[in-house]
Amino acid sequence: MEAQIADSKKGKRKSLLALVCMYAVLIVLAAIYIVPFIWLISGSLKTSSELFANPPIWWPKVPQWKNYIDAINSFPFFLYLKNTLLIMGFNIIGVLLSNSLIAYGFSRIEWKGRDTIFIIVLITMMLPFQVVMVPLFLLFQKLGWIGSFLPMIVPSFFGNAFYIFLLRQFFVGRPNEISQSAKIDGANEFVIFYKIILPLAKPALTTVVIFTFLQSWNDFVGPLIFLTDNRLYTLSIGVQQIMSVNDPRWTLLMAIGVTMTIPVLIIFFVLQKYFIEGIAFSGIKG
Amino acid sequence: MTLNEKKNLRNGLLFISPWIIGFLMFTLYPIASSLYYSMTEYNIISEPIFVGLKNYIDLFFHDELFYTVLYNTLYMVVFGVTLTIVVTLAVSIVLNDKRLRGLSFFRVVFFIPTLVPTVILSILWIWLFQPENGLVNTVLSWFGINGPGWFASPTWSKPAFILMAIWCGGNYIIIFLAGLQDIPAELYEAAEIDGANLFDRIWHVTIPQMKPIILFNVISAIIKTLQSFAESFIITQGGPNNSTNFYSLYLYQNAFLYSKMGYASAMAWILLIITLVLTISLLRANGFGKAEQ
C-alpha cells in the first residue's frame, strides 16, 4: 500500500517534470517563431547603419518611423496596391461564383459518371503549375492578354480544384431532406442551390474568400510571368523589383514588409476560426 | 436511362460546366500542347520547329546543369520534406497533450509565418541569415558556434532553405492537430494499461492512426517542394554556384530568360512524370488505390 502511494507520488512528480519540460520546449519554439517578426519590425525602424551594425543592434536608438513614409514613396505603392486589390476583387467574385456552382453539381445532384469526373478534379490538384506555365503564357499571348490583368483574373471564373473539394465536402454534409421537400414544392435545382444550399454554406464560402484573399495578396509567380507591364504590377512583384536593384535600401524594404504583413495578420486574427477549420478540413477529409 | 436520370445528368453537367471549360482550356489543352512544344525548338518570335526528342536527349545527355538542379531538388525532397514533417508532427504531438493550456495561442504562433507573403519572407530570411550580423549566427555565437555563410555558402544554402521551409510549416501542424484530435482516447488508455511508455504510445498508437494524414502532408510537401521557385528566385537566383538552382527555377529560366520554350516544356513533362511517379508510388506503398478500385 505504502509502496503504491510512493509509486503514484513518484509518477506524479515524473509527469509534472514532463509537463515542465514540455512547456520549456514549447516556449523556446514559440520564441523561435516570434523573434523573426520582431527582427523585421526592429529592422524597419533602424537607420541603414544600425541595420548593418556588427554586432547587431536589437532595437534602434531612435525609431525611424520616417522609413515607412519613405518606403511608400520609394515606388508606386498606391498604384500597385490598387492593382493587387483589383485582381483580388475579381478573383473573389470568380471563385465564389464558379466553385459554388461546380461543387453543387458534384454533391447535390446524382448523375452518371459524377464520381469518376470528381476524381479527375482531385488529380488536377497534384499538377505542378510549371507544367502548364509555358503553354498558358503562349495561349494568353495568342489571345492578346499579356499586358493586361486578364491572365490573373479569367481562370478564377472556371473553378479551382481545392475550393471545389472544400465546398463539395461541405455540401455533402447537408441533409438530403431539405432538397427533397423543396423539390416537392416544385423548386428546380438552381432555386435549391441559390435559395437553400448557398445560405447554409456561408462558413465554407467565408473560408474560400479568405484563402482567395491570401492567394491574391501573396501571389508571386503569376504576376511575375503574366504581368509584363510595370504599370500592372502587384505589390509582391513591385517589391521584388526594388529588391533586385543594386544596393537596395533594406530598411525601407523591411518597412514595406511590415506594411504588407499587417493586413494579413489582422484578417487572420479576426477570422481565425475559418482559417484553421478550412486547413484542418482539407487534411482530414482528404 | 429514365427521364429523371437524364434530367439529373443534364443538370449535373450544367452545374459543373465552368469546371469543364476551365479544365479543357487551362489544364488539358496546356498539358497537351506542352507535349507538342517539348518536341520543338521555339523561341516565341519565330514559329516552333519540330525536332522530335532532341530536347529530351539534350537534357539527359548534354546538360550537366539539369542533373545539378535534379540533385538539388531531390535533396530538398529527401531532407527538406522529411525534416519538415518530423518537426511539425513532433510539435503537433506536444501541442495535442491534454494537460497543456494555451493550445490556441501556440497554434497561432506556429501558423503566422505561413501568412507572410513570399517576397517579404525572403527579405526577412536574407537578414536572419546574414553571415556577419544576422540573427541566426548571432544566436549561434552565444554557444560558441561560428555560423556558416548560409545563402552565400554552396554547402549551407540548401539547409538554409530547409530551415525556412520548416518555419513556414504551420499548415502541416494545423492538419496534424486536427488528425490527432480524432484519435480515440481509449486507444491511449489501453496502451497505458499495457504499460506502454510515451514513445511506445507515439510509435504504436499515434503514428499508425495518423498514417493517412501523414501521407497527405508528405505528398503535399513533396508537390510544394517540386514547385518551389519563388524563394530561390528572389533570394539567391539559384546561386551560389547553382547550389540553390532548383528544378522549377531552371525551368523558368529556360522559358522566360533564355526563351527556350521547347526545352522548358520538355522539363515540364519530366516534372509531371516525376510528380506522378512519386505520388502514386507513395500512395500504393501505403495501400491506397487498391481497395478502392
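The values are calculated or read from the model by the stated rules, or taken from the named source; none is laboratory data. Just so we're clear, the structure is a prediction, and the values are computed from it rather than from any experiment. Here Cβ is always computed from backbone atoms with ideal geometry, including for glycine, and neighbour counts include all displayed protein chains.
The residue that is nearest to residue A:177 (Cα to Cα), among those in the range A:84-113 that are under 19 Å from the mean Cα position of the chain (by Cα) and among the hydroxyl-bearing types (Ser, Thr, Tyr), is A:100. In the range B:128-153, of all residues being touching a residue at least 40 places away in the same chain (Cβ under 8 Å) and either touching a Lys or Arg at 6+ places or on another chain (Cβ under 9 Å) or not aliphatic (A, V, I, L, M) (or both), the one that is surrounded by the most Cβ atoms within 10 Å (Cβ to Cβ) corresponds to B:151. Of all residues in the range A:33-60, those being in contact with a Phe, Trp or Tyr (Cβ under 8 Å, 6 or more places away or on another chain), outside any loop (DSSP other than H, G, I, E, B) and more than 7 Å from chain B (Cβ to nearest Cβ) number 4. Taking the range B:6-42 only, how many residues are surrounded by fewer than 15 Cβ atoms within 10 Å (Cβ to Cβ) and of a type in the set (S, T, N, Q)? The total comes to 0.
Looking only at residues that are of a type in the set (S, T, N, Q) and assigned to a helix (DSSP H, G or I) in the range A:225-251, which one is farthest from residue A:143 (Cα to Cα)?
Of everything passing the filter in the range A:225-251, A:251 is farthest from residue A:143 (Cα to Cα).
For the range B:106-140, the candidate set comprises residues that are assigned to a loop (DSSP other than H, G, I, E, B) and not aliphatic (A, V, I, L, M); within that set, the residue that is nearest to residue A:53 (Cα to Cα) is B:133.
Taking the stated definitions as given, is residue A:135 under 24 Å from residue A:103 (Cα atoms) and at pLDDT 90 or above?
Spelling it out, it is not the case that residue A:135 is under 24 Å from residue A:103 (Cα atoms) and at pLDDT 90 or above.
Against the criterion of being within 15 Å of the chain's Cα centre (by Cα), surrounded by fewer than 19 Cβ atoms within 10 Å (Cβ to Cβ), within 14 Å of chain A (Cβ to nearest Cβ) and part of a helix (DSSP H, G or I), residue B:211 does not qualify.
Among the candidates B:215, B:276, B:283, the residue that is more than 30 Å from residue B:184 (Cβ to Cβ) and of a type outside the set (Phe, Trp, Tyr) is uniquely B:276. Taken over the range A:143-155, the residue count meeting the criterion of being part of a helix (DSSP H, G or I) and more than 9 Å from chain B (Cβ to nearest Cβ) is 4.
Taken over the range A:100-142, the residue count meeting the criterion of being farther than 21 Å from residue A:221 by Cβ, buried (at least 17 other Cβ atoms within 10 Å of the Cβ) and more than 8 Å from chain B (Cβ to nearest Cβ) is 5.
Condition check: more than 10 Å from chain B (Cβ to nearest Cβ), crowded, with 18+ Cβ neighbours inside 10 Å and part of a helix (DSSP H, G or I). Does residue A:222 satisfy that? For residue A:222, the condition - more than 10 Å from chain B (Cβ to nearest Cβ), crowded, with 18+ Cβ neighbours inside 10 Å and part of a helix (DSSP H, G or I) - is met. Would a scan of the range B:154-162 turn up a residue that is within 19 Å of residue A:274 (Cα to Cα) and touching a Phe, Trp or Tyr at 6+ places or on another chain (Cβ under 6 Å)? Within the range B:154-162, none of the residues are within 19 Å of residue A:274 (Cα to Cα) and touching a Phe, Trp or Tyr at 6+ places or on another chain (Cβ under 6 Å). Taken over the range B:86-103, the residue count meeting the criterion of being more than 8 Å from every other protein chain (Cβ to nearest Cβ) and either crowded, with 20+ Cβ neighbours inside 10 Å or hydroxyl-bearing (Ser, Thr, Tyr) (or both) is 3.
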